[in-house]
Structure formats: structure tokens, C-alpha cells
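*Asks:* One structure, as C-alpha cells, below. Some questions next.
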Amino acid sequence: ASSHHWLLAWAGLELNMLAILIMIMKPKHPRAAEAAIKYFLTQALASTIMLFSSTINATQTGQWDISQMTDKYACTTLLLAMMMKIGTAPIYFWLPEVMQGTTMTTAMIIATWQKIAPISILFMTYNHMPPKIMMAVGIVSTVIGGWGTINQTQLRKLMAYSSI
């Protein structure tokens with residue numbers, strides 16, 4: 001298998017999720033447990049959608065290579081999955097709550113490091129993604145991120161809205 005195989009990409013994203021879950025749950029506080037559950041459920045659903053998308057594409061093209069993502073429906077569902085993992089609009093609702101329930105260090109990691117892998121998958125499949133949907137997601141994310149920071153007094157929620 002190459003580094004462009006869907007199974008390896010999925011496994012990498014899952015290992016990434018499991019590593020940050022430990023950091024989220026480290027403080028023995030009910031808020032941390034709630035944040036970990038919200039993070040896990042959102043990321044697990046996004047991973048399931050990603051597997052569904054790659055299976056659709058493999059059925060249509062016969063390829064498990066990320067660069068062979070050519071089916072329109074598979075591209076759209078992959079975009080949905082990556083939007084969930086990154087926390088962009090319209091699927092950003094989990095991000096401020098999860099970041100508020102973690103430590104400052106963990107919140108910074110979620111706002112930055114955890115987004116690198118899903119964004120790299122989007123870059124690898126960018127040529128096949130629907131441009132109008134990506135443009136709309138970018139504009140709506142910018143507007144919601146800006147509006148969410150207005151009158152925000154909690155630093156971690158401010159960081160969350162800034163990273164949408």
C-alpha cells in the first residue's frame with residue numbers, strides 16, 4: 001500500500017483522534033469527559049462518512065487511491081467528512097464546546113495540529129471537489145467565525161471561533 005491509500009489515511013486520522021482523546025480526558029473533570037465524548041462522537045461519525053465515501057469511489061473506479069477520487073457523490077461526502085473533522089461551517093457546533101472543556105494546551109492543539117491531516121486530504125483531492133460548495137463553505141465559515149468572536153469573553157471559545 002502507498003501513502004495515497006484510503007485505508008492508511010483513515011488509520012492515520014483515527015490514531016490522531018485517539019491520541020488527542022487521551023489529552024482531552026486528562027483533567028478529571030466532568031467538563032473534560034463531556035468534551036471527550038463530543039469530540040469522539042463527531043470524529044467517529046466523520047470517519048464513518050470518510051470510509052463510506054472511499055467505498056463509493058472504489059466501487060465506481062475500482063481504485064483505493066486518494067488521487068483517483070473522481071465520483072461526484074464520493075467527493076461531496078468526503079468534503080462533508082473533512083468539514084466535520086476540521087470543524088468548519090455548517091458543522092462547527094462541536095468545536096467551541098469541546099475546546100471550552102479542555103485545557104489551554106489541548107485547545108491550541110485541537111485548533112491547529114488536529115486540522116493538518118484533514119486539510120492535507122482535502123489538498124490531495126482538491127481538483128475533484130465541487131468548487132461552488134467549497135467556496136460557500138469558506139465564505140460561511142469566515143462569517144460564522146467572525147460573528148462568533150463578537151462579545152466573546154472566554155478565550156478558548158474565542159480560539160475555537162477563530163479557527164472555524
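*Asks:* Need pairs with beta-carbon distance below 9 Å; first residue under 28 Å from Met69 (Cβ atoms) and at pLDDT below 95 and within the stretch 1-28, second polar (S, T, N, Q) and not in a helix (DSSP H, G or I); sequence gap 6+ or separate chains.
*Replies:* Leu8/Ser2; Ala9/Ser3
*Asks:* On the basis of being among the charged types (D, E, K, R) and assigned to a loop (DSSP other than H, G, I, E, B), does Lys28 make the cut?
*Replies:* So Lys28 fits the description; yes.
*Asks:* If you don't mind, another one. Which count do you get for residues in the stretch 57-68 that are over 15 Å from Trp10 (Cα atoms) and either in a helix (DSSP H, G or I) or touching a residue at least 24 places away in the same chain (Cβ under 8 Å) (or both)?
*Replies:* 4
*Asks:* Being in contact with an Asp or Glu (Cβ under 9 Å, 6 or more places away or on another chain) and more than 26 Å from Ile139 (Cβ to Cβ) is true for just one of Thr106, Thr59. Which residue is that?
*Replies:* Thr59
*Asks:* So, in the stretch 96-136, how many residues would count as being among the aliphatic types (A, V, I, L, M), modelled with pLDDT under 95 and touching a Leu at 6+ places or on another chain (Cβ under 8 Å)?
*Replies:* 6
*Asks:* Cβ-Cβ under 6 Å, sequence separation 6+ or interchain: first residue in the stretch 138-162 and without any contact (Cβ under 8 Å) to a residue 60 or more places away in the chain, partner not in a helix (DSSP H, G or I). Which pairs?
*Replies:* Final answer for the pair search is Val140/Ala89; Ser141/Thr88; Ser141/Ala89; Ser141/Ile164; Ile144/Ala89; Ile144/Ile164; Gly145/Ile164; Leu158/Gln152.
*Asks:* A follow-up question, please. Could you figure out which of (1) buried (at least 21 other Cβ atoms within 10 Å of the Cβ); (2) farther than 21 Å from Glu34 by Cα isn't true of Leu95?
*Replies:* Failed condition: (2).
The values are calculated or read from the model by the stated rules, or taken from the named source; none is laboratory data. In this text the structure is predicted, and so the values were computed from the model without any measurement. Positions of Cβ are backbone-derived with ideal geometry, glycine not excepted, and every protein chain shown enters the neighbour counts.
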